[in-house]
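Reviewing the structure listed below.
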Amino acid sequence: MAITLASKVVCARSFCAALSLAAVVAPAWALAPGEDGVTVTIPISGVRDTAQAVAIDPDGNIVLAGSAGGNYSALARVTPAGTLDGAFGTLGVATPDFSSSTGGDGQRAFLRMDDGRYVGCGHFNSPTTGNDFVVARFQSNGALDPAFNGAGYAVTPFTSTASQEQCNAVALQNDGMIVSAGYSTNGSGHLHVALTRHTAGGVLDTLFGGPSAGGKVDIDASANLNGDSEARALLLQADGKLLIAGYALGAASDDFLVMRLKTDGTLDPTFGTAGITRTPIGTSEDIANAMILQPDGGIVLAGSVYAADGHRDFALARYTTNGVLDPTFGSGGKVTTPVGPSDDYAYALLRMPWGRLVAAGSARISTGGSGTDVAVVAYNADGSLDRYFGIGGKRMLNISTLDDIAYGLAYDASGDRFWAVGTAASGASPNQDFLAVEFGLPDTIFRHGFDTATAP
């Protein structure tokens, strides 16, 4: 069993110093499938810090993005050994504070560009228009990129009056344009799927969504006018079409939502029903939080559903290229997985190069007490549990007495581990901090030759 290297990091908004505790750390390739290795907690504000997304650079460094103190954006870069990278931001942490209002700002999605820069999106609070979309571009060292809209970020209100809008997902086109997706109330009182597209220079692309949209798209994806719909994941197909996942009101309650837009931002009528597919999975509210696109064009969503016992479980669904459930996956295209005895939420989904899927989020080891634990579940390509991962395909990790949650997953460039990022408390601290945890990968070299039942 590997010995964990714990890095205790004490940070403030203007200062950060890292103290690494001496330990012998087993190489990542020596970790058993699902076994945790390096675990790092990074206090930034000393109050309420949450990493929502992650990107890995070619050197294997882990870049976390989220919010600190609940009201300003924060980034951190951690080496594979679990120490803050002093070449990034200020001693490893960057805190670009876009909004000076009480509601502040935060990053909820994040990706690395081929040239080493980063793109993120989230929310920005304005005294006049409430929470708005914000899209930002960062240099490789974590500083804002002034070549993007002159300031490094662009704020997009959907209305001129106070409303609630937030970007949850971001994608980068080959031409450098940035597409972001989330939700907007748009004066309706209900959440709608909302998207923007910015040019590489940081201005809205007025061709996106049609001549009257002005670079902003608002879609009510619910089954009737009294429901909510929200985008929580976004991917680009090879042909430039946009895949969106989240939830929308269906016939009785919120369902998994997957939809496809053409390159101009209008709904693709060849997908689902007029571009939209809503899928009831559990007994009531079903919410998809993550999505991956498989090489054959299959679309897999992950999230949470209410089970018959009244608790939430992990849930996956796979669709064909035209937005129909794939009957070869799980049961009729759906898979539900109870992880702990209480509520289980899947927030992130990752496809390994050999085809297996890993979902991560939170669960509770017991029904009593408070706080949640990091939960990771691995699946074979057909939706069955990967019995070589953790215990029967499941792994729970208790880091603190508070909420331990994984919101993002990234596959390591070295090919011998993956990382989950999110939030947890460090030691006896009562506050939530950035979290990064290393997990061992399932080694499938021999399994493919001797265990054909689990080969992808």
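The values are calculated or read from the model by the stated rules, or taken from the named source; none is laboratory data. Since this is a predicted model, take the numbers as computed values, not measurements. Every residue, glycine as well, gets a Cβ built from its backbone with ideal geometry; the counts of neighbours run over all protein chains shown. For the accessible areas, the whole protein counts, side chains as well, though only heavy atoms, and no ligand, DNA or RNA atoms are used. Shrake-Rupley method; radii C 1.70, N 1.55, O 1.52, S 1.80 Å.
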Original post:
Got a number for residues in the stretch 296-308 being over 17 Å from L234 (Cβ atoms) and in a strand (DSSP E or B)?
Top reply: 3
Original post:
Taking the stretch 395-431, which residues are in a loop (DSSP other than H, G, I, E, B), among the small types (G, A, S) and crowded, with 20+ Cβ neighbours inside 10 Å?
Top reply: S400, S426
Subject >> Members of the stretch 127-158 that are surrounded by fewer than 18 Cβ atoms within 10 Å (Cβ to Cβ) and either among the β-branched types (V, I, T) or not in a loop (DSSP other than H, G, I, E, B) (or both) >> reply: T128
**OP:** Residues being at pLDDT 50 or above and either in a strand (DSSP E or B) or not acidic (D, E) (or both): count how many of those fall in the stretch 4-63.
**Re:** 35
**OP:** Pick out the one residue from F124, F110 that is crowded, with 22+ Cβ neighbours inside 10 Å and modelled with pLDDT of 95 or more.
**Re:** F110
Original post:
On the given criteria, is Y345 within 25 Å of A308 (Cβ to Cβ), within 21 Å of the chain's Cα centre (by Cα) and open to solvent by 50 Å² or more (accessible area, probe 1.4 Å)?
Top reply: yes
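Tell me the residue from A238, A221, A213, A200 that is in a loop (DSSP other than H, G, I, E, B) and more than 28 Å from G408 (Cα to Cα), please. Quick ask: steps written out before the conclusion?
Working: A238 fails: more than 28 Å from G408 (Cα to Cα); A221 fails: more than 28 Å from G408 (Cα to Cα); A200 fails: more than 28 Å from G408 (Cα to Cα).
Within the list A238, A221, A213, A200, the selection yields A213.
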**OP:** Output the number of residues of the stretch 261-295 satisfying the condition of being within 24 Å of Y407 (Cα to Cα) and not in a loop (DSSP other than H, G, I, E, B).
**Re:** 10
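Quick grid of which residues meet (1) of a type in the set (D, E, K, R); (2) under 25 Å from R232 (Cβ atoms):
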| residue | (1), (2) |
| --- | --- |
| R387 | yes, no |
| I391 | no, no |
| N398 | no, no |
| W419 | no, yes |
Subject >> Pairs with Cβ under 8 Å, 6+ apart, first in the stretch 311-333 and buried (at least 17 other Cβ atoms within 10 Å of the Cβ), second acidic (D, E) and assigned to a strand (DSSP E or B) >> reply: A315/D286
Original post:
Residues of the stretch 361-394 being within 24 Å of F329 (Cα to Cα) and open to solvent by 50 Å² or more (accessible area, probe 1.4 Å), which ones?
Top reply: D382, L385, R387, Y388, I391, K394
Subject >> Count of the stretch 53-69 residues which are closer than 25 Å to A413 by Cβ, of a type outside the set (V, I, T) and either touching an Asp or Glu at 6+ places or on another chain (Cβ under 9 Å) or surrounded by fewer than 24 Cβ atoms within 10 Å (Cβ to Cβ) (or both) >> reply: 7
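Would you mind stating whether T206 is open to solvent by 10 Å² or more (accessible area, probe 1.4 Å), farther than 25 Å from L293 by Cα, of a type in the set (S, T, N, Q) and more than 18 Å from the chain's Cα centre (by Cα)?
Numbers: open to solvent by 10 Å² or more (accessible area, probe 1.4 Å): yes; farther than 25 Å from L293 by Cα: yes; of a type in the set (S, T, N, Q): yes; more than 18 Å from the chain's Cα centre (by Cα): yes.
Spelling it out, T206 is indeed open to solvent by 10 Å² or more (accessible area, probe 1.4 Å), farther than 25 Å from L293 by Cα, of a type in the set (S, T, N, Q) and more than 18 Å from the chain's Cα centre (by Cα).
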Original post:
Within the stretch 157-177, how many residues turn out to be among the hydrophobic types (A, V, I, L, M, F, W, C) and out of contact with any Lys or Arg (no Cβ under 7 Å at 6 or more places or on another chain)?
Top reply: 4
**OP:** Please indicate, with yes or no, whether at least one residue in the stretch 284-291 is closer than 20 Å to D228 by Cα and over 22 Å from the mean Cα position of the chain (by Cα).
**Re:** yes
**OP:** Among residues belonging to the stretch 229-279 that are without any contact (Cβ under 8 Å) to a residue 40 or more places away in the chain and acidic (D, E), point out the one that is surrounded by the fewest Cβ atoms within 10 Å (Cβ to Cβ).
**Re:** D239
**OP:** Among the numbered conditions (1) open to solvent by less than 50 Å² (accessible area, probe 1.4 Å); (2) modelled with pLDDT of 95 or more, tell me where L293 comes up short.
**Re:** (1)
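Consider the stretch 70-95. How many of its residues are open to solvent by 20 Å² or more (accessible area, probe 1.4 Å) and not in a strand (DSSP E or B)? Talk me through it step by step, then tell me what you get.
As a first pass, look at the stretch 70-95 and keep what is open to solvent by 20 Å² or more (accessible area, probe 1.4 Å): 70-71, 77, 79-81, 83-87, 89-91, 95.
Filter once more, keeping what is not in a strand (DSSP E or B): 70-71, 79-81, 83, 85-87, 89, 91, 95.
Matching residues across the stretch 70-95 total 12.
Restricting attention to the stretch 159-194, report how many residues are part of a loop (DSSP other than H, G, I, E, B) and either hydroxyl-bearing (S, T, Y) or surrounded by 22 or more Cβ atoms within 10 Å (Cβ to Cβ) (or both). Before you say what the answer is, go through the steps one by one.
At the first step, the residues of the stretch 159-194 found to be part of a loop (DSSP other than H, G, I, E, B) are 159-162, 173-177, 185-191.
Next, from what is left, pick out any that are either hydroxyl-bearing (S, T, Y) or surrounded by 22 or more Cβ atoms within 10 Å (Cβ to Cβ) (or both): 159-161, 185, 188, 191.
Of the residues in that region, 6 qualify.
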